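Readers should treat all values here as calculations from the given coordinates under stated rules, not as data from a laboratory. Here the structure is a predicted model, which is why all the values come from computation and not from measurement. Neighbour counts run over all protein chains shown; Cβ positions are idealised from the backbone, glycine included.
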């Protein structure tokens, strides 16, 4: 496969490139942040991007949302040290083909890449079980999303852009953090969701707001 590696740690990129090369994969590009990953994907049209979550400028999840909306034929697998259920749910809802942890054994890692090349999800059994439990819950309906106020939609749009913390939302909107918490709580209640990650995924699936490139 033609692969782009997106990770802000140069030593990790070097090691991963060497490992992938031993299996005949072609590393066509490397990025140290989400913005570079998007630019490389647009230019190179790789088969797969291995994307870290926490990177400067644009994080891996925001980059994934942009790429899956703009380049649906380019598969994205999140490869991260972050064992966080919310990140997992947000990644999959944003269109990632899989979510793998960096402590995965090499044989298991390559097995997951093979699955991804066939269009199957690249998920370990443990993470797959978590997703099954998460997606088994009923989704919100059209009436609930129409109940969002203009300000709540503005907050949700910023969350889709990757601005999810109370502090950053408050600064961007010129509001207090308590007011932001109030709006986020209303969004979750109206959409009958539990986390901000779920709200972002729902907004993208239902096209309440569109991802920014």
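Enter the angle in degrees (range 0 to 90, nearest 10) between the Cα long axis of helix 125-135 and the first principal axis of the Cα atoms of the chain, meaning the one along which they spread out most. Helix 125-135 sits at roughly 20 degrees to that axis.
Relative to the dominant Cα principal axis of the chain, helix 177-191 is inclined by about 80°.
Across the chain, Cα pairs under 8 Å and at least six residues apart give a relative contact order of 16 percent. What residue among 34, 95, 24 has the largest mean-square fluctuation in a Gaussian network model of the chain, using Cα springs under 10 Å? Judging by the Gaussian network model, the answer is 24.
Ranked by the mean number of other Cβ atoms within 10 Å of their residues, highest first, the peptides 171-180, 78-87, 46-55 fall in the order 46-55, 78-87, 171-180.
A prolate overall shape is assigned to the chain, the ratio a/c of its alpha-carbon gyration tensor axes (a ≥ b ≥ c) being 1.5 or greater and a/b exceeding b/c.
Using only Cα atoms, tell me the angle between helix 150-160 and the longest principal axis of the chain; keep it within 0 to 90° and round to the nearest 10. Between helix and principal axis, roughly 10 degrees. The helix-based estimate of mean residue ellipticity at 222 nm for the chain, built from -39,500 (n - 2.57) per DSSP H run of four or more residues and divided by its residue count, is -16500 deg cm²/dmol to the nearest 500.
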